[in-house]
Amino acid sequence: MAIWEKSEAYFEYLGFILALNESVQGKALNVECAHSPVIGNVVTMLNVFDEWITQIPPTDQPQRFGNKSFRVWHEKLQQSGMDELHKILPSEFHRAIPEIVQYLYESFGNPTRIDYGTGHEMAFLMFLCCMFKIGAFKQDDKVAVVVKIFNRYLELVRSLQLTYRMEPAGSHGVWSLDDYQFVPFVWGSAQLIGHPRLEPRHFVDSDIVEAHSKQYMFLGCIEFISKVKIGPFAEHSNQLWNVSAVSSWVKVNSGLIKMYKVEVLAKFPVIQHVLFGSLLSIKPASAPPVARGSRQDQRIRPPPPLK
């Protein structure tokens with residue numbers, strides 16, 4: 001863990017989270033944003049993965065959790081992942097596919113345990129980070145990566161979780177933020193910074209959540225939790241209930257970033273599964289980390305162009 005926290009991968013990944021966090025401040029999901037063609041291609045790929053769920057219905061089995069059909073879905077992902085990336089990426093990026101496809105394989109849950117958690121979410125975010133690093137995504141694509149790709153990914157993994165009754169991976173139960181996700185709360189709270197009417201206290205109001213869940217990722221997460229859990233919100237989602245008492249979205253956002261570093265990035269059960277390679281390297285970061293939150297650490301630095 002000490003090597004990870006001083007590695008190039010750690011600072012690249014955290015810098016990626018912070019850069020996209022800043023880029024979506026005050027922007028709803030339906031915001032008009034310029035984006036390169038590869039953004040639309042990745043969304044199309046996620047649509048294909050979603051169609052597989054229809055083609056591979058859950059099997060009739062006695063267990064409440066962990067439908068074995070997910071293993072069939074995941075096997076299809078591993079058989080087709082490379083081909084899908086070849087379709088969506090221009091030929092000059094094909095050399096990177098054997099490395100970045102590994103993050104894609106890890107992004108949707110574990111086929112052995114049939115579970116999903118923040119480590120799988122992190123794998124998909126590392127996939128997106130690598131797409132910036134190889135140059136497939138441009139600096140101007142940051143907003144679109146959140147509102148178009150990551151939001152579509154959320155819809156897909158929720159469908160997987162419900163269809164195949166996936167177990168939460170490493171859940172802290174009622175004391176965790178959510179059974180499955182974390183980053184949509186971070187970026188979702190950034191979207192709400194500066195909103196003229198919506199304050200943190202409003203997200204426990206079901207009418208407000210229903211009215212705005214399609215525009216703001218944070219409220220979409222609350223809506224999903226409310227659909228899949230029964231009982232009073234303060235009991236089944238105590239940590240989120242506490243967040244509703246925070247005075248501003250700026251404080252919610254900065255607090256969730258700190259919590260993400262402690263509860264996800266500093267936890268061995270999550271990090272033991274992280275893959276390292278040439279794009280996200282375990283090598284020690286050469287320069288000392290820049291002051292947290294400074295402008296300098298918000299950039300996603302691409303590597304030298306692929307030859």
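The values are calculated or read from the model by the stated rules, or taken from the named source; none is laboratory data. Fair warning: this is a prediction, and the values are worked out from it, not measured in the lab. Positions of Cβ are backbone-derived with ideal geometry, glycine not excepted, and every protein chain shown enters the neighbour counts. The accessibility values were calculated without ligands, DNA or RNA, using every heavy atom of the protein model including side chains. Shrake-Rupley method; radii C 1.70, N 1.55, O 1.52, S 1.80 Å.
Here are a few things to note about the model shown:
- Under the span-like rule (Cα at least 15 Å along the axis, Kyte-Doolittle mean at least 1.6), DSSP H helices of the chain: none
- The label point for Gln239 and the one for Ala211, both projected 7 Å from the Cα toward the Cβ, are 2.9 nm apart.
- Förster radius 45 Å - calculated FRET efficiency between Asp60 and Ser248, Cβ distance, rounded to 0.05: 0.35
- Summing charges over all other residues whose Cβ lies under 15 Å from the Cβ of Tyr103, with Lys and Arg as +1 and Asp and Glu as -1, gives -4.
- Rounded to the nearest 10 Å², the accessible area of Ile282 at probe 1.4 Å: 70
- Reachable aspartates and glutamates from Lys283, criterion Cα separation under 18 angstrom, eight or more residues apart if same chain: Glu5, Glu8, Glu12, Glu99
- Helical runs (DSSP H, four residues minimum) scored at -39500 (n - 2.57) apiece and divided by the length of the chain put the mean residue ellipticity at 222 nm at -15000 deg cm²/dmol.
- Against the set [x] 1.02; [y] 0.94; [z] 0.97, the structure's computed Rg/Rh (Cα atoms, Kirkwood Rh) falls on [y].
- P(r) weight above 24 Å for the stretch 6-150, C-alpha pairs, percent: 37
- In nm, spacing of pseudo-spin labels at Ser281 and Glu32 (7 Å Cα→C-beta vector): 4.2
- Pairs over the 23 Å Cα-Cα cut-off, from the set Lys6/Lys267; Lys133/Lys258; Lys142/Lys214; Lys214/Lys261: Lys133/Lys258; Lys214/Lys261.
- Taking every protein chain into account, the 1.4 Å probe leaves Ser213 with about 10 Å² of accessible area, to the nearest ten.
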